[in-house]
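See below for the structure under consideration.
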Amino acid sequence: MEEKRRYKRLPIQLNLEVSELFKQDNKIIPDLNAEIHVFDINQAGIGFTTKSYLPEGYYFNATIVLESSEQKIMTVVKILNVFQLEDGTYRYGCEFVGLAGIFNYLFDDYAKKLEEE
């Protein structure tokens with residue numbers, strides 16, 4: 001299968017909590033408190049699993065800190081696709097929306113750290 005992603009996926013163990021989803025037409029899903037487990041990341045987005053169902057096309061705010069840096073990346077994440085796994089959890093593919101290119105060096109540093117391990 002040909003890889004179509006622009007950036008290499010980097011493995012990561014990161015837990016976040018999604019408290020609210022929103023859409024551009026002012027639709028909001030409040031009070032979610034969904035714990036998510038991020039398993040890969042790159043400059044374009046994240047992959048994660050959760051026990052909660054989060055609908056495609058919605059957005060959430062995220063603050064991400066990579067192991068190679070203490071710099072916080074504050075971004076908006078858009079849910080692109082969802083797949084239910086056999087154990088009942090959901091697997092998501094998401095993209096960063098409006099992430100400034102200035103943060104690309106953080107991903108490069110993180111990739112180098114993984115290569116060194």
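The values are calculated or read from the model by the stated rules, or taken from the named source; none is laboratory data. The shown structure was predicted, so the numbers you read here are calculated from the model rather than taken from an experiment. Each accessible area value is taken on the protein alone, full model and side chains, heavy atoms only, with ligands, DNA and RNA left out. Shrake-Rupley method; radii C 1.70, N 1.55, O 1.52, S 1.80 Å.
Values as computed for the structure displayed
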item	result
Largest to smallest accessible area among VAL38, VAL65 [probe 1.4 Å]	VAL65, VAL38
GNM flexibility winner over the chain from LEU21, LEU66, LEU85 (Cα, springs under 10 Å)	LEU85
Accessible-area composition of the chain, carbon plus sulfur, in percent [1.4 Å probe]	46 percent
Proximal aspartates and glutamates to LYS113, defined as alpha-carbon separation beneath 17 angstrom and excluding residues fewer than eight positions away on the same chain	ASP40, GLU67, GLU70
5 angstrom amide H check on ILE46, placed H, neighbours 5+ away	CYS94, GLU95, PHE96
Theoretical gain in end-to-end length, ASN26 to TYR105 [0.36 nm per residue, Cα-Cα removed]	25.1 nm
3J(HN,Hα) from dihedral phi, segment 26-33, Karplus parametrisation 6.51/-1.76/1.60, rounded to Hz, x for glycine, proline	6, 7, 10, 10, x, 6, 7, 6
Part-to-part distance (alpha-carbon centres) for segment 1-50 and segment 53-82, which is given in Å	5 Å
Nonlocal amide H pairs with LEU14, under 5 Å, H built at 1.01 Å	VAL38
